[in-house]
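Inspection log for the structure reproduced underneath, given as structure tokens.
Every read-out reported here was derived from the displayed coordinates using simple, explicitly stated rules and does not represent laboratory data. Just so you know, these numbers come straight off a predicted model, no measurement behind them. Quick reminder, even Gly has a Cβ in these numbers, built from the backbone with ideal geometry, and neighbours come from all protein chains shown.
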Amino acid sequence: CVNKKVNKTNVELEIINEQCKALISKNDCEFYCNFESQNETDIIDIEELIKKGKEKKFCPYYFAKIYSKKCEIVFLPYTVLFSKEGRRSANIDISDSIIIVDEAHNIYESVIQMNTVTISFEIVKKYFKAFEDYYLKYESRMSEVNLKRIKNICEILEKIWKFHENFANNLETKTESSSQEKNEECIVVNDFLIKSRLHNYNLLELEEYLHNSGIAYKLEGFNTNLHLQLFNITKFLVLLIMSDCHGRIFYDNKKIRFTPLDPKIYFEDIFVCKSLILAGGTMEPIDNLLNLFKERTVKYYYYDSICTNFISFILSTGPSNKEIKLNYKTRESPEILKDIVYTIFNLSNTVKKGGIICFLPSKYYLKILKETIINLEKNNFKFIKKILYDDTSSFLEFKNLVFEESVIFFSVMGGKMSEGINFNDYLCRLLIIIGIPYPTVNTELKERIKYHGNDYSTLIAMKTVNQALGRALRHKTDYASIVLIDSRYNNLISKISPWIARKTRKCKFIQILSEIKHFLNKNL
């Protein structure tokens, strides 16, 4: 949007959409009235389109919707492609098209996330009151149809609130130590609809009214603390309608959340295309993706990486010769923590020039390992290399330092450093993966494991590991050494990206030190 009346600083997207609709309906947007007269034959991206829109006084958004129809290749985000509303809004017809999804390693989780919504019971109560006030104020001016719709919306919000009240009343007396996870419960969608008595309403019709009427913007005047959360409530209702047997409702004393256990239903609309290509540099493990296409013909192509100059090891024991297995029972053991610190110390000393990247399984483990290092340094132990932690230091700081001296950088798997930053060339000559980033056990994870099987947590964890492994080697002439520290990797080598797994060996600590030193010296 290039209309300054609409697209103001710090204005939420929903408000922009509502104000845009209002101006168009009154024929009051100079940019909208001018977009059809534009001719464009160049390849053009969003930034260029905005610039031209401002210069020539036309609407880039509506122009793009028409222009894309004439194009042979259109780039668009997941959120538009995998959303019926998104495709409708952008005028995208995917029938008989070839769809290429890049960076597809995350598509399974991304589609689940796109179709997950959380609403607080408190905001439901506020909207119930706002709709009630709106009804009373405009009752005499509204048509019978709209009166009925507003009344139905009030009833739905009231029933969701009563569902919460019933749950709250049934809770055992809570203590200060009660966790949210302990009080969270799960219910299938059909049971929720019956239990909350929403099954008799035409939710699809009400969703269309909420979406098209601009009511969300009007209600802001009745309560200043709504923050246009009606769009979340609307999305919640839509997901209830669109759900299949895999949809689940999770709720506690404060909020309610819809999420699918399996996103298969959201891929069905995509299958009208001519062909679908899911592409990525690190796709493994692919079990969940294959599950989406069980009844369809799937061809899986794998190509070797151009990065071949690396060595990779699994380290099961540290300098003390004791097993390093970072499960919940052992990961905080002082002996294990000390052994990991000494292991990193010795491995880092093999690097004469360049960065040492250490990826840890969680922020919590980064914290306790950092504390262990600080405590050891109080007792005359000292790392030769400078240490940075991503909770206190930036990537830019690391990049500037490592150009002058060898630096150890501690970060967390699954964070921006392990998925969004490339540690190519001198930025990483030694990559150390410590532990396995299993997801935190909660009610939702238990439900997913119940549905997918016991391997579900491992698949999620190893996908994160593979993303971290791919950070160090970024081009043909790049080189690095890799060490996976945790004895459990011995049984998970089949879940590691094949191009790395093929060259990964299980070796003793002393042998690994020797081989890394030789490898790095040879490549200097």
*Which whole-percent values make up P(r) of segment 1-75 when all C-alpha to C-alpha distances are grouped in 10 Å steps starting at zero?*
18, 51, 28, 3
*Protection proxy ranking, peptides 157-163, 517-523, average beta carbon neighbours within 10 Å, highest first*: 157-163, 517-523
*Going from the alpha-carbon gyration tensor of segment 224-357, what semi-axes, largest first and in whole Å, does one get by taking the root of 5 times each eigenvalue?*
43, 28, 16
_Relative contact order [Cα under 8 Å, 6+ residues apart], the chain, whole percent_ = 16
*Would you please give the residues with an amide H less than 5 Å from that of residue 117, counting only those at least 5 places away or on a separate chain, with H modeled from the backbone geometry?*
258
_Most to least packed among 275-288, 401-414 [average Cβ atoms within 10 Å]_ = 401-414, 275-288
_Distance (nanometres) between label positions extended 7 Å along Cα→Cβ at residue 524 and residue 274_ = 5.6
*What is the diffusion coefficient of segment 302-373 in µm²/s, taking the Kirkwood radius over Cα pairs and the Stokes-Einstein relation at 10 °C with a viscosity of 1.306 mPa s?*
112
*Mean residue ellipticity (222 nm) of the chain, computed from DSSP H runs ≥ 4 via -39,500 (n - 2.57), nearest 500*: -13000 deg cm²/dmol
*Counting only residues 5 or more places away or on other chains, whose amide H sits under 5 Å from the amide H of residue 484 once H atoms are built in the peptide plane?*
313, 314, 315, 433
*All other residues with a Cβ under 11 Å from the Cβ of residue 406 taken together, and with Lys, Arg as +1 and Asp, Glu as -1, what is their net charge?*
+3
*Sorted peptide list for 60-68, 486-494, criterion being average Cβ within 10 angstrom, highest first*: 60-68, 486-494
*Evaluate the chain: find the radius of gyration of its Cα atoms, find its Kirkwood radius, and give the ratio Rg to Rh.*
1.02
